[in-house]
Structures are given as structure tokens and as C-alpha cells.
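One structure is given here, and the rest of the page talks about it.
The values are calculated or read from the model by the stated rules, or taken from the named source; none is laboratory data. Keep in mind the model is a prediction, meaning the values are calculated, not measured. Virtual Cβ from ideal backbone geometry, glycine too; neighbours counted across all protein chains shown. Note: accessible area is taken over every heavy atom of the protein model, side chains too, but ligands, DNA and RNA are not part of it. Shrake-Rupley method; radii C 1.70, N 1.55, O 1.52, S 1.80 Å.
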Amino acid sequence: MNPLHSSQSGMPESEAAAEARRLIDDWAARPVHHHPTSFRDDTAPPAFGTTPPVKQPDHRIVPAWAAGIAVASIGVGAGVTGIGCGAWLVLQGLASVTLTSVLMATLPFAAVAMVATAIGGAISKARAAVTKNVFEGPVTHHTEIHNNSTTRGAFFARTRNEIH
């Protein structure tokens, strides 16, 4: 349906134009309401004398303890990141290890350990004396124990034993 070519009989075009003009003029005649968005005090401050104090409330965004915890968290995070990077580098190095490189790296230590074991065994054999002690006669075993036991206290008791 085309609104310009309507089959309905309505207002003639001259009356419609006059009504539109009247509505536009009525709207334009209304006063525009301005809402102030700011205020400026243009009164001059006194040149000298006492001025009453003006309250300036302290509105901090973050408490001091929370800011301290935040800074400490950033420091701990940075430190842990450094440790993680170091561990990553070490593990990357260990990941590239082959059996041949491990054998070549440990071969000198194994040789030193083998030589030390051989020297220690030779010294141990050289120091061992081939003496045999033969005891002839009766063997007497004499043990004499004198025990004096004293206990002091009730709940936290202390017992003292003297053995001669």
C-alpha cells in the first residue's frame, strides 16, 4: 500500500499542508528548557582574614593494606615466573639428553669411582693382619652392679639411677 497514492478520501493537500505548518509553528513557539550541568561560584574570596575550614573528606579508592597485598602479590608472581622460566630451561636441557651423552658425561665419574674402590680394597687387604690369638687357661667373667634409684615428685616425677 502506497501512502502517497491512497484510495481513501482524506484531507485535501492544501488543508494537510496548513495543518502541518500549524503543528510545526506550535512546536517552535514553546520555550526550550535548559538544564545546568555545572555551577561556578563567582564570588571573590576575602583578601585577608580567617576563613572557615572546608571539610575535605578522605575518599581513598583502595585501603593501604589492600594496596600492600597487591604489590606483594605482583612481586611474588614475578618471582615465581622467573623460577618457572629457569625450570623450563633446565627441563628443556634434560629433554635433549640421549643415552650416549649420559654415558659420556658419567664415564669419568665411573672411572674415578672404580679406581677409588680398587685402591680402598688394596689398602684394606694390606692392613689386615694374619695374627691368631690363642688364649690358654680359664676365663672368668665377674660383673657387680650396685643400683641406687630415687624418685622425686608426683606428677612430673624424676627418677635418678646411680650405677656403680
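From the list G121, G79, which one is modelled with pLDDT of 90 or more and either of a type in the set (S, T, N, Q) or surrounded by 10 or more Cβ atoms within 10 Å (Cβ to Cβ) (or both)?
Working: G121 fails: modelled with pLDDT of 90 or more.
Matching residue, one of G121, G79: G79.
All conditions but one from (1) open to solvent by less than 100 Å² (accessible area, probe 1.4 Å); (2) modelled with pLDDT of 85 or more; (3) under 53 Å from the mean Cα position of the chain (by Cα); (4) not charged (D, E, K, R) apply to W65; the one that does not is (1). Residues that are among the aliphatic types (A, V, I, L, M) and either in contact with a Leu (Cβ under 9 Å, 6 or more places away or on another chain) or not in a loop (DSSP other than H, G, I, E, B) (or both) within the stretch 47-67 comprise A64, A66, A67, listed in sequence order. For the stretch 11-26, a residue qualifies if it is assigned to a helix (DSSP H, G or I) and of a type in the set (A, V, I, L, M, F, W, C), and the qualifying residues are A16, A17, A18, A20, L23, I24.
Would you pick out the residues in the stretch 91-103 that are in a helix (DSSP H, G or I) and either at pLDDT 85 or above or surrounded by 10 or more Cβ atoms within 10 Å (Cβ to Cβ) (or both)? Once the filter is applied, which keeps residues that are in a helix (DSSP H, G or I) and either at pLDDT 85 or above or surrounded by 10 or more Cβ atoms within 10 Å (Cβ to Cβ) (or both), the stretch 91-103 yields L91, Q92, S101, V102, L103.
Please pick out the residue among A87, A44, A70 that is assigned to a loop (DSSP other than H, G, I, E, B) and among the small types (G, A, S).
Numbers: A87 fails: assigned to a loop (DSSP other than H, G, I, E, B); A70 fails: assigned to a loop (DSSP other than H, G, I, E, B).
Going through A87, A44, A70 in turn, the sole match is A44.
When residues in the stretch 125-147 are screened for being modelled with pLDDT under 75 and open to solvent by less than 80 Å² (accessible area, probe 1.4 Å), 2 of them pass. Residues that are outside any loop (DSSP other than H, G, I, E, B), at negative phi and at pLDDT 85 or above are absent from the stretch 30-41.
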